[in-house]
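S.K.: Please read through the structure below; I'll follow up with questions.
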Amino acid sequence: MDISYIEYVYLYIHIKKRILCSNGLKSRRGSILKSLAFSRCGFGSSAAPAVFMDSGTSEQEDWDANGVIRDTTLLRKSRDGSGTGLHVMDFVDRDLYNHWLKRCTQMRKLREGRIFHARILNSQFRDDLVIQNTILNMYAKCGSLVDAHKMFDVMPLKDMVTWTTLITGYSQNDQGQEALFLFPWMLRHGLKPNQFTLSSLLKASGNAPINDKQGRQLHAYCFKCGYDTNVYVGSSLLDMYARYGRMVEAQSIFEGLVSKNEVSWNALIAGYARKGEGEHALRLFCEMQREYFKPTHFTYSSLFAVCASTGSLEQGKWVHAHVIKSGGRLVAFVGNTLVDMYAKSGSIEDAEKVFDRLVKPDVVSWNSMLTGYAQHGLGKETLEQFEEMLRIGIQPNDVTFLCVLTACSHAGLLDEGQHYFELMKKYNVEPDVSHYVTMVDLLGRAGLLDRAERFIREIPIEPTAAIWGALLGACKMHKNMELGAYAAKRVFELDPHDSGPYILLYNMYASAGRWNEAAEVRKMMKESGVKKEPACSWVEIENAVHMFIANDDAHPQREEIRKMWEKISGKIKEIGYVPDTSHVLLFVDQQEREVKLQYHSEKLALAFALLNTSPGSTIRIKKNIRVCGDCHLAIKYVSKVVGREIILRDTNRFHHFRDGSCSCGDYW
DNA sequence: GTAGGGTTAG
């Protein structure tokens, strides 16, 4: 017996009511009605598609438990099991089709969306423009731009929403160029963009910042139409400039907005955060609250990210206190940046605490924790955490394996590293350049230089400068001049502008006393116009970050700093420190070399910290390049003499100096 | 029916 039209309308009204319900009692009634509707259609009591249900509490579970895949399969069967059963849906009206499509879109259910699309093609609504736009949007949001574009092509009538939906689809799926390509065609078809179209185009333009000309043209267009001060378009516009790194323009657009909202504030804060201007971002954070805008997850993750990049533990803690006070749950997005912030600021214990309290840790949360362990040289903990991740069924990704391989390399775990590299296949993770670099590093550090070279020749991609650079680093470590020179040659061919390999090669020759070859490298470096990045170190004391460059004479406490270092230097020499001058300038005598070494930025930062912090407290220093061999040696002795923990973060990793030794085991 | 802001590696 088929359901009658009247019966259908009756049930439909009740189902619609159910959609509006969200509390437990009504939800139960809705569930009964859903079952009733489908049992009367002949599908048994549990056969209703989850799209009918909108409990508002556990949508994903609803969908998975009574999933639409199973239910649409059931829809294909008639009561006696012979027919298609799909005729039931012929009674569906336009709103319900739209509702289903929107549910598929929200939940990114491409397969189910296709089924509804197929049904619509056989219905009276196949040529309905609104329905077609909704289908197009469903494909775009589900990430199938091929289907979205096909849909766009077959639509006989296209309005502004059609064009905007496709443009937005490309923009949101990181295909900004396609989005920007469509815009002139839209104009040629006589359609004018609205605020939806323009904000998508600006987003596309901000993500393709190779040439900001297009962005400026769009800005001019927005200005001409009077959209530049609109909160949606203006926020996208300021975000675009912020992505170009042009904060003056971004700030000026922000100030010109007719009205602001959280998104405008967040876009500006994120802009300053990306530039590493933490102080500015924090000032804006305070200002937005003074103007009664509530910080959101977006605000907090930008702030934690900038604290992580500058290693500002105290400021990061202050923002963390704000999150706690605001009473919000620590969602993964914010929690992940917080884990990263604590790990990068040198406090791995706090990172662990936050990680343990995350409500639903995702793969990025695990990766952040793994990265933390790896950067702190905690090889064993990294591998244990990784095994735990696999045990509870989190699918590792390319970043996960990179963390694990880096940890193995830093901890000298050769066999484990090779095992995890092989394991990538099992988890369908394709190795990319960074994995190959790490494997060369792993083999090279372990002294297996020939195997590392063979590995490079066997990989399925053309070796890059970074890959040869890793071999060069290993050759320097193990003093293999010939292979090192060969690797350096490959690096110079592929990337002649990076100063790093020149310095590595120079140091390799200098530390072996081969000064003629070292002089040759300096000459080459000069000829190719490559400049060494000036070294600087930072230390955070009482919420203020102090920066030091080598031989810094500008600091107000310079005299005290020098005296402190001389005092400490005398003490460490008494217990065995001998300056390692092998890496210092050519053609200067031993005494001059020692003087040059004395005022390396990390030593100045350390002396400053010793002057301005209480005895026994941990000292945290950050450096923009790798720590030099002599400073590493000196800081080990200092940690013993002053009886304090000194944590140094360089470009590669953390060094925890305690009682005369370093956590890296002199292996960095 | 269409829009803008945030995370992990190197």
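The values are calculated or read from the model by the stated rules, or taken from the named source; none is laboratory data. Since this is a predicted model, take the numbers as computed values, not measurements. These accessible areas exclude ligands, DNA and RNA; they are computed on the full protein's heavy atoms, side chains included. Shrake-Rupley method; radii C 1.70, N 1.55, O 1.52, S 1.80 Å.
S.K.: Principal axis lengths of region A:419-489 from Cα atoms, whole Å, largest first?
M.R.: 38, 23, 15
S.K.: Compute the Rg/Rh shape ratio of region A:209-337: radius of gyration over Kirkwood radius, all on alpha-carbon atoms.
M.R.: Values: Rg = 15.2 Å, Rh = 15.2 Å.
In region A:209-337, Rg relative to Rh is 1.00.
S.K.: Sticking with this structure for a sec: Two decimals, Cα atoms only, Kirkwood Rh: what is Rg/Rh over region A:175-285? It would help to have the intermediate numbers written out before the result.
M.R.: Numbers: Rg = 13.8 Å, Rh = 14.0 Å.
Radius of gyration over Kirkwood radius for region A:175-285 works out to 0.98.
S.K.: To continue, here is another question. Can you give the log10 of the normalised intensity I(q)/I(0) at q = 0.24, 0.28 Å⁻¹, computed with Debye over equal Cα scatterers of region A:354-430?
M.R.: Evaluating at q = 0.24, 0.28 Å⁻¹ gives log10 I(q)/I(0) of -1.13, -1.46.
S.K.: How much accessible area does A:Trp538 have with a 1.4 Å probe, in Å² rounded to the nearest 10?
M.R.: 60 Å²
S.K.: Still on this structure, I have one more. In whole Å, what are the extents of region A:249-398 along the principal axes defined by its C-alpha atoms, from largest to smallest?
M.R.: Result, largest extent first: 53, 30, 25 Å.
S.K.: Provide the solvent-accessible area of A:Asp239, counting protein heavy atoms only and rolling a 1.4 Å probe, rounded to the nearest 10 Å².
M.R.: My reading of the accessible area for A:Asp239 is about 30 Å².
S.K.: Moving on. Over the alpha-carbon set of region A:607-648, divide Rg by the Kirkwood Rh and report the Rg/Rh ratio to two decimals.
M.R.: Rg/Rh for region A:607-648 comes to 0.95.
S.K.: State the Cα centre-to-centre distance between region A:633-668 and region A:103-148 in whole Å.
M.R.: Each part reduced to its Cα centre gives a spacing of 59 Å.
S.K.: Largest first and in whole Å, give the semi-axes of region A:537-662's equivalent ellipsoid, each being the square root of 5 times a Cα gyration tensor eigenvalue.
M.R.: Rounded to whole Å, the semi-axes are 20, 17, 15.
S.K.: A follow-up question, please. Could you tell me the convex hull volume per residue, in Å³, taken over the Cα atoms of region A:427-538?
M.R.: Details: hull volume 14.5 nm³, N = 112.
For region A:427-538, the hull spanned by Cα atoms encloses 130 Å³ per residue.
S.K.: Amide H neighbours of A:Ile621 under 5 Å, counting only residues 5+ apart in sequence or on other chains, H built in-plane at 1.01 Å?
M.R.: Correct list: A:Ile647, A:Leu648, A:Arg649.
S.K.: Which value, in Å² rounded to 10, gives the accessible area of A:Leu202 with a 1.4 Å probe and all protein chains present?
M.R.: Roll a 1.4 Å probe over it and A:Leu202 shows about 0 Å².
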